[in-house]
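Structure first, commentary second.
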């Protein structure tokens, strides 16, 4: 069953890219810097040459925000608020775009137009079709991919139409599924490097490793992953994976942690 689901997800990603659609086609208190599962509001703040100024030497996804750090607070109507850490030190332009759009209220009132159980939830398209939306600069941009950020459960990434150079406003949050060592070896991205920490995260928490390197992961849910899982796995959808009843992003704010 798990293999069948993985193959379905992979096929969907390939088909969407081929069509050129902007579609993809998640405690105890710890000190900041310790790993656990669980920027400025001006876009120009992050608009710098991408360089690892963070000091990361291993998987960064599960790093808790520092006190006073700007985070994403995404309120999903009738569900609750999901809190997300951004990684501007790793992917400055990708974070600049999201922060800039959020500051404009771009995402407020939009829906998650694509939901696939055990995979991800996707939103950020004003048209609600998977074909719309643009970046804060009015055109596609290259958000890049960091070797320290993976598609584990709770990862926030941009949808694209074939490469990270086509990033825009659409994003997705990974739920994914857990892997056995054998399945992980089979379905991990062949053009991406995996540390022992990252592999263990996929085995314990799940995710979508075959997307690593091909999509821009720039954030990680550190609070409210159960809300994302609820939307992902308990939302009725039609044959195109569009929710039968709208799942609305009430607002996205950039707030201090």
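The values are calculated or read from the model by the stated rules, or taken from the named source; none is laboratory data. Note that the structure is a prediction, hence the values are computed from the model and not measured. Every residue, glycine among them, receives a Cβ derived from its backbone with ideal geometry; neighbour counts consider all protein chains shown.
Numerical summary
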{"item": "Residues that are over 19 Å from residue 230 (Cα atoms) and in a strand (DSSP E or B), drawn from segment 96-151", "result": "141"}
{"item": "Test for residue 185: is it over 18 Å from residue 228 (Cα atoms), surrounded by fewer than 22 Cβ atoms within 10 Å (Cβ to Cβ) and in contact with a helix residue (DSSP H, G or I) (Cβ under 7 Å, 6 or more places away or on another chain)", "result": "no"}
{"item": "Among the residues listed as 93, 83, the single one being assigned to a strand (DSSP E or B), out of contact with any helix residue (DSSP H, G or I) (no Cβ under 6 Å at 6 or more places or on another chain) and either at pLDDT 95 or above or buried (at least 20 other Cβ atoms within 10 Å of the Cβ) (or both)", "result": "83"}
{"item": "Search result, residues across segment 220-236 that are part of a helix (DSSP H, G or I) and under 14 Å from the mean Cα position of the chain (by Cα)", "result": "225, 228, 229, 232"}
{"item": "Pick from segment 170-218, criterion modelled with pLDDT of 95 or more and part of a strand (DSSP E or B), ranking: nearest to residue 70 (Cα to Cα)", "result": "218"}
